[in-house]
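Accompanying notes for the structure given below.
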Amino acid sequence: MIILIAGVALLLIGNLCYMIIKSRSSKTDSLSDILLRGQAELAGRLSQISEQNRQEQNRIAEAINEQKLAVLKIMDEKLLAVTKSVGDGLRQSTDKTTETLHDLRERLAKIDVAQQKISSLSEQVVSLQEVLSNKQARGAFGEIQLNDLVISILPPSAYEFQVILSNQKRADCVLRLPNPPGTIVIDAKFPLESYQALRAAQTERDKADAQRFFRASVLKHIKDISEKYIISGETADSALMFLPSEAIYAELHANFRDVVEASYRAKVWIVSPTTLMATLNTVRAILKDASMREQAGLIQKEVGILVEDINRMDDRIENLSKHFDLASKDITEIKISSGKVSKRIKKIEDFELEEADHHLALEHKMVENE
């Protein structure tokens, strides 16, 4: 529109200039005629410009329509592509969501199973705590663990459980070994409450009190074992104190060395499940060695008897050999006599044949003489 106005203005200015120039060249024309001709030319020019403008607007409108159609077509294609992509994405998302839900259900099922196991384990832990809080039940727990270890390693002839000694004290386990060392007693009743107090202590003062209580309890237990289960002439000169926990064993050797040394002096050897297993394997080796020594004595005795039998058999073989020699000599002499007899029989046969030949010769002569 601005271009059109500018064109009209330029046209007007050009017409005015043309009329001025023309008016100067032709003085005979009047001013009104000039104006009329200018207006007519201006109207024609304006009509021509209007027509060109209309044609240009039509071309622009057609171009815009074509551009709009092209844009609409592209937008339709893009929309279809986006719709397809969204549909594929939704389908994939649905598949993934379904798979995720399936995995989630499986995981929830596993979690339910694990939760049930955890609940069962919690009940077992509570039961174990109840066992360990009761002194008698705790003693039974240690005895069961001790029994399992002994039964799994030693032969039945090498141990006994709940044996009453001559002093009327009941031993948890007795190992029957040859002298030395003899019968060894194992005690499984450890004062666990003192160790629990030591583990539960929080402040430094509580820890010090718990350490004193733990030390005194273990020393008293060592003394009781030494007095009850070491009997001269009946048991070995030492006994075993079984700890049902490796942690207690480690605590004693790490922080209570004086208690361990006191057990050495009292000849009460402190053992944990692991060290007791090694001790029992050593006991089994001792029993095997003793059995081998016993068997070696029996074998030596049998070998001596066998040597006597061999010597006796040598004598009999020698006698038999002498008999064979005599028999061989007799057989040789019999062969000689038999040879002589055969020769004599042959001579007799030869003699008889000579006589027969002589008789035959005489008979031939007699026949010839006749």
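The values are calculated or read from the model by the stated rules, or taken from the named source; none is laboratory data. All values derive from a computational prediction rather than experimental measurement. Here the Cβ positions follow ideal geometry from the backbone for every residue, glycine too, while neighbour counts run over all protein chains shown. Heavy atoms of the whole protein, side chains included, go into the accessibility calculation; ligands, DNA and RNA do not. Shrake-Rupley method; radii C 1.70, N 1.55, O 1.52, S 1.80 Å.
So here's what we get for this one:
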item	result
Looking only at segment 156-172, and only at residues there that are within 37 Å of the chain's Cα centre (by Cα) and free of Cβ contacts under 8 Å to residues at least 60 places away in the same chain, the one that is farthest from residue 285 (Cα to Cα)	161
Every pair of residues 6+ apart whose Cβ atoms lie under 6 Å, when the first sits in segment 220-246 and is in contact (Cβ under 8 Å) with a residue 12 or more places away in the chain and in a helix (DSSP H, G or I) while the second is open to solvent by 40 Å² or more (accessible area, probe 1.4 Å) and of a type outside the set (Asp, Glu)	228/169
Members of segment 225-259 that are surrounded by fewer than 16 Cβ atoms within 10 Å (Cβ to Cβ) and under 25 Å from residue 182 (Cα atoms)	227, 232, 233, 234, 237
Residue list for segment 194-242, restricted to those being aromatic (Phe, Trp, Tyr) and either farther than 27 Å from residue 174 by Cβ or at pLDDT 90 or above (or both)	213, 214, 229, 242
Unmet criterion (only one of (1) of a type in the set (Phe, Trp, Tyr); (2) open to solvent by less than 70 Å² (accessible area, probe 1.4 Å); (3) out of contact with any Leu (no Cβ under 6 Å at 6 or more places or on another chain)) for residue 213	(2)
Of all residues making up segment 166-193, the number that are open to solvent by less than 60 Å² (accessible area, probe 1.4 Å) and either part of a strand (DSSP E or B) or modelled with pLDDT under 85 (or both)	16
Criterion violated by residue 185 - all others in (1) in contact (Cβ under 8 Å) with a residue 12 or more places away in the chain; (2) touching a strand residue (DSSP E or B) at 6+ places or on another chain (Cβ under 8 Å); (3) more than 24 Å from residue 259 (Cβ to Cβ) satisfied	(3)
Count of residues meeting criterion [touching a Gly at 6+ places or on another chain (Cβ under 6 Å) and at positive phi] in segment 202-239	0
Any hit, segment 64-75, residues being modelled with pLDDT under 80, under 43 Å from the mean Cα position of the chain (by Cα) and open to solvent by less than 100 Å² (accessible area, probe 1.4 Å)	no
